[in-house]
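*Asks:* Let me begin by handing over the structure; questions about it come next.
Coordinate-derived values only; no laboratory data. Quick caveat, the model's predicted, so the values are computed rather than measured. Using ideal geometry, Cβ is built from the backbone for each residue, glycine included, and neighbour counts are taken over all protein chains shown.
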Amino acid sequence: MVKSKKIFECNNCGHQSSKWTGKCIECNEWNTLSERILSSSRKNSVSKSLKTPQLINDIKGESSERIQINDQEFNRVIGNGLVKGSVILLGGEPGIGKSTLSLKIALTLQLKVLYISGEESNEQIKLRAKRLNYQNNQCFIYNETEINTIIKTSDEVTPKLIIIDSIQTIYNSEIDAIPGSVSQIKYSADVLIKFAKERSIPIIIIGHITKDGAIAGPKVLEHMVDTVLQFEGDKNHLYRLVRSIKNRFGSTNELGIYEMNEKGLQEVSSPSKMLISTNQEQLSGIALGCSLEGVRPIMIETQALTSPATYGNPQRSANGIDIKRLNMLLAVIEKRGGMKLSQKDVFLNITGGLKVQDPAIDLSLVSAILSSFFDFYIDHKVCFIGEVGLSGEIRPVSRINERIKEVTKMGIKTIYLSKYSKINTHENQLFELRKVGKLQEIIQQLFK
């Protein structure tokens with residue numbers, strides 16, 4: 001007779017305990033422990049493997065073969081194509097467009113693709129495919145959530161690409177846990193990764209995220225896969241960003257930009273044109289900067305509003321940048337520039353719904369705040385590139401020549417930057433470089 005024993009496993013972190021407790025001692029979450037039954041019929045023998053150690057000099061070091069996708073933005077992020085046998089985890093908020101992007105990849109690849117959906121019916125996927133207006137005669141739609149059945153069907157279809165939507169719906173009937181639990185996700189992901197490596201078939205796995213922005217499930221899931229992509233953006237704005245958090249076959253500094261419209265997700269090849277306003281009105285509180293997203297320079301528009309604080313404590317609000325960065329810049333302006341902002345409400349916004357962490361936009365943020373403070377219009381042909389230090393100095397930033405090339409393509413005639421920047425000057429250049437070293441110089445030149 002096979003003996004069995006009961007354990008309690010945390011659905012949040014996977015910690016196992018011999019008795020039930022209201023609070024997990026590992027992750028400190030409440031009411032996350034569920035009962036599981038383990039069989040004790042396991043054999044304590046070492047499995048025999050047919051694999052043998054191999055000298056590193058005897059291993060063929062040829063570059064991995066890649067499958068090119070008809071989506072230049074996605075290709076850029078993953079490293080110029082899908083590596084055969086690789087596993088990609090694509091995470092994002094509900095409704096951000098993960099399934100739409102995955103279906104677009106499946107329909108534009110023009111190879112045999114198996115799209116496995118555990119969340120939508122075949123008819124719902126067909127409706128989305130019609131809206132996208134792409135067609136692939138070799139795209140198979142399969143509605144299944146049991147992992148063993150999925151592996152068996154994949155062996156029969158022999159696709160060139162498999163898409164799983166989503167990993168939280170996949171389960172194994174032999175595991176006494178609900179789909180989406182830690183044990184189910186770990187087991188299903190392990191089976192899919194082994195299948196991908198043995199058959200040399202790339203797999204794209206869609207994953208949900210928690211309220212904190214992390215991918216739902218065990219953290220080990222991100223370590224198991226080859227590439228982790230974060231699909232982000234504000235659902236109230238048109239633009240969506242695909243960032244690479246981990247990539248074993250490419251750079252993690254790349255960024256893909258999409259525009260969401262009635263036809264689905266469309267690639268944005270020139271984001272600077274989309275993010276800069278075409279409004280020619282002479283409005284104060286607006287300044288242009290250049291941020292580096294990965295290795296791609298993007299021209300952005302920063303907006304600021306300062307007004308007297310009428311409710312006692314001044315308000316500080318920032319959309320698109322870290323609020324701590326805003327507070328630091330306001331302290332520098334007041335200390336080094338002599339502007340009294342302590343009794344002012346300050347609101348800051350990055351247009352297009354982008355979230356920017358590049359310190360090179362400090363100078364444009366400061367200029368936008370000062371423009372609103374003085375109610376002074378800054379010409380839309382002026383751009384600011386530089387980091388602002390605590391002592392008020394204007395510090396140089398990386399890849400300044402690429403940034404200058406990008407902003408001049410957008411018709412910028414005057415560029416403010418650090419005087420310590422190393423620039424490749426050209427004869428007959430059609431723009432003016434104004435080099436500054438301190439915050440006071442910006443105030444004197446712009447608002448004198």
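*Asks:* For Lys104, list the aspartates and glutamates whose Cα falls under 19 Å from its own Cα; do not include residues on the same chain fewer than 8 positions away.
*Replies:* Partners found: Asp71, Glu73, Glu93, Glu119, Glu120, Glu123, Asp165, Glu232, Glu259, Glu262, Glu267.
*Asks:* Now a separate question. Taking Lys152 as the anchor, which aspartates and glutamates have their alpha carbon closer than 13 Å to its alpha carbon, excluding any fewer than eight residues away along the same chain?
*Replies:* Glu144
*Asks:* Another one. Just rank Ile163, Ile209, Ile323, Ile7, fewest to most, by other beta-carbon atoms within 10 angstrom.
*Replies:* Listed from fewest to most nearby Cβ atoms, that is Ile323, Ile7, Ile209, Ile163.
*Asks:* Let me ask something else about it. List the trypsin sites (Lys or Arg not before Pro) within the stretch 276-367 that fall in a DSSP loop (any state other than H, G, I, E or B) and whose Cβ has at most 12 other Cβ atoms within 10 Å.
*Replies:* Here the sparse-neighbourhood loop sites are Lys340.
*Asks:* Just to confirm the number: angle between the C-alpha axis of helix 400-409 and the first principal axis of the chain, 0 to 90 degrees, nearest 10?
*Replies:* Computed tilt is about 80 degrees.
*Asks:* If packing is taken as the mean number of other Cβ atoms within 10 Å per residue, what is the order of 288-297, 388-397, 87-96, highest first?
*Replies:* Taking the mean over residues of other Cβ atoms within 10 Å, the ranking is 288-297, 87-96, 388-397.
*Asks:* Glu262 to Lys152: FRET efficiency via 1/(1 + (r/R0)^6), r the Cβ-Cβ distance, R0 45 Å, to the nearest 0.05? Let's see the in-between values first.
*Replies:* Numbers: r = 39 Å, r/R0 = 0.86.
That pair, Glu262 with Lys152, gives E of 0.70.
*Asks:* Now for a separate question. Taking a threshold of 18 Å on the Cα-Cα distance, which of the pairs Lys98/Lys186; Lys84/Lys112; Lys381/Lys435 fall above it?
*Replies:* Working: Lys98/Lys186 21 Å; Lys84/Lys112 14 Å; Lys381/Lys435 16 Å.
The answer is Lys98/Lys186.
*Asks:* So which chymotrypsin sites (Phe, Trp or Tyr not before Pro) in the stretch 146-215 end up in coil per DSSP with only 16 or fewer other C-beta atoms within 10 Å?
*Replies:* Taking the stretch 146-215 and a limit of 16 other Cβ atoms within 10 Å, no loop chymotrypsin sites (Phe, Trp or Tyr not before Pro) are found.
*Asks:* Can you sort Glu441, Glu174 by how many other beta carbons sit within 10 Å, fewest first?
*Replies:* Glu174, Glu441
*Asks:* Starting from the Cα-Cα distance between Phe447 and Lys419, subtract it from 0.36 nm times their residue separation and give me the gain in nm to one decimal.
*Replies:* 8.1 nm
*Asks:* Give me the compactness ratio for the stretch 57-155, meaning the Cα radius of gyration over 2.2 N^0.38 Å.
*Replies:* Working: Rg = 15.3 Å, N = 99, 2.2 N^0.38 = 12.6 Å.
The reported ratio for this selection is 1.21.
*Asks:* Please rank Lys60, Lys186, fewest neighbouring Cβ atoms within 10 Å first, as an exposure proxy. Before the final figure, lay out each step's value.
*Replies:* Values: Lys60 4, Lys186 17.
In increasing order of surrounding Cβ atoms, one gets Lys60, Lys186.
*Asks:* Also: Near Val397, within a Cβ-to-Cβ distance under 10 Å, what is the net charge of the other residues, with Lys and Arg +1 and Asp and Glu -1?
*Replies:* Value of the local net charge: 0.
*Asks:* Turning to a different aspect of this structure: Could you work out the equivalent-ellipsoid semi-axes for the stretch 273-446, taking the square root of 5 times each eigenvalue of the Cα gyration tensor, largest first, in whole Å?
*Replies:* The answer is 25, 17, 15 Å, longest axis first.
*Asks:* Would any residue of the stretch 134-153 have its amide N under 18 Å from a label point 7 Å out along Cα→Cβ of Glu123? List them or say none.
*Replies:* 141-144
*Asks:* I'd like the chymotrypsin sites (Phe, Trp or Tyr not before Pro) in the stretch 297-397 restricted to DSSP loop residues with at most 12 other Cβ atoms within 10 Å, sorted by number.
*Replies:* Tyr311
*Asks:* Moving to a separate point now. For the chain, what's the radius of gyration and Dmax over Cα atoms, in angstrom?
*Replies:* Over the chain's Cα set, Rg and Dmax evaluate to 26.7, 91 Å.
*Asks:* Let me ask you something else. When the chain is treated as a GNM, springs tying every alpha-carbon pair under 10 Å, which of Gln429, Gln110, Gln230 comes out with the largest mean-square fluctuation?
*Replies:* Taking springs between Cα atoms under 10 Å, the residue moving most is Gln429.
*Asks:* Specify the inter-centroid distance of the stretch 80-110 and the stretch 294-323, based on alpha-carbon positions, in whole Å.
*Replies:* So the separation of the two Cα centres works out to 33 Å.
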